[in-house]
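*Asks:* Please find one structure pasted underneath; my questions will follow.
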Amino acid sequence: MKRYIEFGRKPMPHQLLAAILLLLLSILWLADEARAAGRLGEFLSGVNVSNIDPDADGFGDVEGNPPAAKLLKGGQLVGYAFLTGDVVDSTGYSGKPINIVVGIDLDGKITGAKLVEHHEPIVLVGIPLAKIEHYIDGFIGRRVLDPSDESRMPVDIVSGATVTMMVIADSMTQSAVKIARSRRLGAGAANTAPQTAHRTINQTKSTVETWQALLDDGSVRKLAITNKELDDLFQRTGNAAAIARPQAGNPNASFIDVYVALVSVPAIGRSLLGGAEYDRLRQDLKPGQQAILVAGDGPYSFRGSGYVRGGIFDRIELIQLESTIRFRDRNYRRIGAVAAEGVPDFPEIGVFLTPDGSNLDPGASWRFQLLVQRATGALDKAFVTTGLDYLTPDKFLTAPVAPPVAAAPGQVATQLAAAADDEPPLWQRMWRARMFDVAIMLVAIGVLTGIFFFQDFLVKWPRAYERIRLGYLAFTLLWLGWYEHAQLSVVNILTFFNSLRGDFRWDYFLRDPLIFILWSAVAAALLFWGRGAYCGWLCPFGALQEWTNRLARWAHIPQVRVPFWLNQRLWPFKYIIFLALFGLSFGSLGLAEEAAEVEPFKTAIILHFAREWWFLLFAVGCLAPGLFIERFYCRYLCPLGGALAIPARVRMFDWLKRYKECGSPCQRCANDCPVQAIHPEGTINPNECIQCLNCQVLYHDDQRCPVVIQKRIKREKFLALQSPSMQPEPKRKPRVLVTVNGREPSVERKPAASEAASTEGENQ
């Protein structure tokens, strides 16, 4: 008798169910195989092999884990080609991978790279693609497993695209390291060799030595660069713009002299810092943490200005094996002077503590790397790196300790992968690097929240409120916009909704701290007050429009008031533009992002008007009408404003006060509203209101609002009646004089003083 399994209402033989399960398992297995093979194959057909390796003449099959294709020359293996997205997480700010095909030779050197896929908004509509490709080409020639290789590139070489640049740098470096190790290329083959003996700092030796003695034994290392040597470094880069701007001054003059020492070594620390300072340093050092003294002289600063703006020292880093250590302001201590005998004066001295989890090995060699920049234009810079190698002198180290038994190659790969997993995610590193900026942003949002909560008090002081508002808009434009480039865009909305259709992950959007904080604040403000919190206060381009219109008014440029019927018919254009971009994004996100160039934000805010003439002309064309019609672009064309206005009606609070006379008959607020968001009947349109609070200033103004004026007049009359000085004199009873000659009684007024005097004289 057959056995059946109930499925719905119809019986199904268990053999059929087993076949279905087998088919599903087969599909899943094939999907896993496809994922393991990666996407390299679909891109190789469109890539010229000479761009990946000039010595190769063809690609082999994609194989191995991580997947890579052999680079062949005459049928002989000369290297490997791989796709960054197949090896590591290369997801950019768009939520989609930045895929780069990279070539690596048998010595572990990158031979070529080609950007084959990306969806980064800043690249699509802001940064020229040529700059990104130039940045990628800068990795060519780098030996990824050689810590002394000077071809390492800086993180933020393309201004305005920090997140994208960090993703590219991390994905290219980490994927190349994994490929080199998995194929045992160059120095990667040494990873399976027996480990060398481990050495630690000898804490018992703490003799104090002179400056010259420390230089002689290598306790202090010096990096000296003259102007001519700097020009030679830029000559090697081949950057024509940098070469065309040689360093001014005497070629033999010093450009920078940098001295480096490991002051967590007791003898070196006591010699350079002095006993008291060294003891304080030792108390603050955590187990495994090291301290490095850096002293500099010359016109170029090793500190730079990045630590002032964002709290990160972007000109120096330490490299040990494949690990890179960068420093933040919390890792830095300023030192007034070096204590060693015979030391010269240094204008810049600092002690840097290695961050938690960096694990710098003091018994092994490490490299101090210096980034040098040269201006090549108004906004463009060229970069070159140089440095020195440091090894703690043997006399300050303990005897070698026998290493543990070498692990099998498979175990080594597992250990290396585990070590890589211990590194914080990219978004966490971005937040740590910008904690100072994050703090300023949070304070700014807190101030704006306070303005909204205490608006009833602030608007009673029109002059003070106007200064607060203009000051806040100046902060939004100068710091948030032109300095931090934190300008929201409709592209962010398109990217967010597109990611919901695919692999949505919050860490994609956490990679830009200020943008994430802004969007979080906007989301909360939409629920509380509508879109006005952003459009009226936190939008840099909106602030630029309001300031240019204010300057136009000061210059007595006549203002145009759009008739309300026409104003209503112009409002929908921004919604139409947004819906068109939104619909286009479902078909092609890349095309929608390019069409989002209808926003002039990248030209005016992010790139400071430094673009091609047609972009510049469009941006000026968006700003020019605003000289006559306040916030013209915001009111009629901004797709971001349209997107934020759609959910504006779901706000929970309506704190904008109105009188019953507003609109019937009074039209003062409607006439004075800078964006004409008040209807003639007196109601405020939340979709168009920018929360400038101008109507609330009028609400309390007893010189301009007719309702308050009437209240003021009545109050003044009442107070006048209550004032003693204004009270009328009480009526006096007349004196009745009865004559003796029998006449009728008559009322006789009291003579004035002058009259009484003259009468008295006559009687006399």
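*Asks:* For the stretch 354-470, list the helices (runs of 4 or more DSSP H) that sit wholly inside it and hold at least 3 residues that are modelled with pLDDT of 85 or more and touching a helix residue (DSSP H, G or I) at 6+ places or on another chain (Cβ under 8 Å); which are they?
*Replies:* Helices (runs of 4 or more DSSP H) meeting the threshold: 435-453, 455-458.
*Asks:* Are any residues in the stretch 476-498 crowded, with 19+ Cβ neighbours inside 10 Å and part of a helix (DSSP H, G or I), and if so, which ones?
*Replies:* Thr476, Leu477, Leu480, Gly481, Val490, Val491, Asn492, Ile493, Leu494, Thr495, Asn498
*Asks:* If you check Gly8 against the conditions, is it at pLDDT below 80, open to solvent by less than 60 Å² (accessible area, probe 1.4 Å), over 21 Å from Leu106 (Cβ atoms) and not aliphatic (A, V, I, L, M)?
*Replies:* In short, no.
Yes/no per residue for (1) surrounded by 15 or more Cβ atoms within 10 Å (Cβ to Cβ); (2) polar (S, T, N, Q); (3) in contact (Cβ under 8 Å) with a residue 60 or more places away in the chain:
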position: Glu661; (1), (2), (3): no, no, no
position: Gln667; (1), (2), (3): yes, yes, no
position: Ile690; (1), (2), (3): yes, no, yes
position: Asn694; (1), (2), (3): yes, yes, no
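*Asks:* Going by the conditions given, is Ala295 farther than 23 Å from Ser219 by Cα and among the small types (Gly, Ala, Ser)?
*Replies:* no
*Asks:* Go through (1) within 20 Å of Asp437 (Cα to Cα); (2) open to solvent by 10 Å² or more (accessible area, probe 1.4 Å) and name the single condition Val560 misses.
*Replies:* (1)
*Asks:* Something else now. Could you tell me whether the stretch 25-34 includes any residue that is within 37 Å of the chain's Cα centre (by Cα) and modelled with pLDDT of 80 or more?
*Replies:* No, the conditions are met nowhere in the stretch 25-34.
*Asks:* Then there is this: Is it the case, given these coordinates, that Ile678 is over 28 Å from Leu584 (Cα atoms) and not basic (Lys, Arg)?
*Replies:* Answer is yes for this residue.
*Asks:* Take the residues in the stretch 193-205 that are surrounded by 17 or more Cβ atoms within 10 Å (Cβ to Cβ) and under 43 Å from the mean Cα position of the chain (by Cα), then tell me which one is modelled with the highest pLDDT.
*Replies:* This residue is Ile201.
*Asks:* Now a separate question. What are the residue pairs meeting all of these: first residue in the stretch 443-469, first residue among the hydroxyl-bearing types (Ser, Thr, Tyr), second residue outside any helix (DSSP H, G or I) and surrounded by 14 or more Cβ atoms within 10 Å (Cβ to Cβ), Cβ atoms under 6 Å, and 6 or more apart or on different chains?
*Replies:* Between residues of the stretch 443-469 that are among the hydroxyl-bearing types (Ser, Thr, Tyr) and residues that are outside any helix (DSSP H, G or I) and surrounded by 14 or more Cβ atoms within 10 Å (Cβ to Cβ), the close pairs are Tyr465/Val459.
*Asks:* Further question: Filter the stretch 76-92 down to the residues that are part of a strand (DSSP E or B), touching a strand residue (DSSP E or B) at 6+ places or on another chain (Cβ under 6 Å) and either surrounded by fewer than 19 Cβ atoms within 10 Å (Cβ to Cβ) or among the β-branched types (Val, Ile, Thr) (or both) and list them by number.
*Replies:* Leu77, Val78, Thr91
*Asks:* Among the residues of the stretch 56-75, are any among the polar types (S, T, N, Q) and assigned to a strand (DSSP E or B)?
*Replies:* No: zero hits.
*Asks:* Please verify whether Ala521 is crowded, with 17+ Cβ neighbours inside 10 Å and closer than 27 Å to Arg434 by Cα, treating the condition exactly as stated.
*Replies:* yes
*Asks:* If I ask for residues that are modelled with pLDDT of 80 or more and open to solvent by less than 30 Å² (accessible area, probe 1.4 Å), which ones from the stretch 569-591 would you list?
*Replies:* Matches in the stretch 569-591: Trp571, Lys574, Phe578, Leu581, Ser585.
*Asks:* Another one. When only residues in the stretch 96-107 that are in a loop (DSSP other than H, G, I, E, B) and surrounded by 21 or more Cβ atoms within 10 Å (Cβ to Cβ) count, which is modelled with the highest pLDDT?
*Replies:* Ile98
*Asks:* Would you please name the residue that is nearest to Ser301 (Cα to Cα), looking only at residues in the stretch 226-248 that are surrounded by 13 or more Cβ atoms within 10 Å (Cβ to Cβ) and aliphatic (A, V, I, L, M)?
*Replies:* Per the stated criteria, the residue is Leu230.
*Asks:* Within the stretch 535-566, take every residue that is without any contact (Cβ under 8 Å) to a residue 12 or more places away in the chain and within 37 Å of the chain's Cα centre (by Cα) and give me the one that is farthest from Cys689 (Cα to Cα).
*Replies:* Only one residue tops the list, namely Ala555.
*Asks:* Only one of (1) at pLDDT below 90; (2) among the aliphatic types (A, V, I, L, M); (3) in a helix (DSSP H, G or I) fails for Val208. Which number is that?
*Replies:* Answer for Val208: the failing condition is (3).
*Asks:* If Pro355 passes every condition in (1) open to solvent by 20 Å² or more (accessible area, probe 1.4 Å); (2) within 14 Å of Val294 (Cβ to Cβ) but one, which one does it miss?
*Replies:* Here Pro355 clears every test but (2).
The values are calculated or read from the model by the stated rules, or taken from the named source; none is laboratory data. The shown structure was predicted, so the numbers you read here are calculated from the model rather than taken from an experiment. Virtual Cβ from ideal backbone geometry, glycine too; neighbours counted across all protein chains shown. For the accessible areas, the whole protein counts, side chains as well, though only heavy atoms, and no ligand, DNA or RNA atoms are used. Shrake-Rupley method; radii C 1.70, N 1.55, O 1.52, S 1.80 Å.
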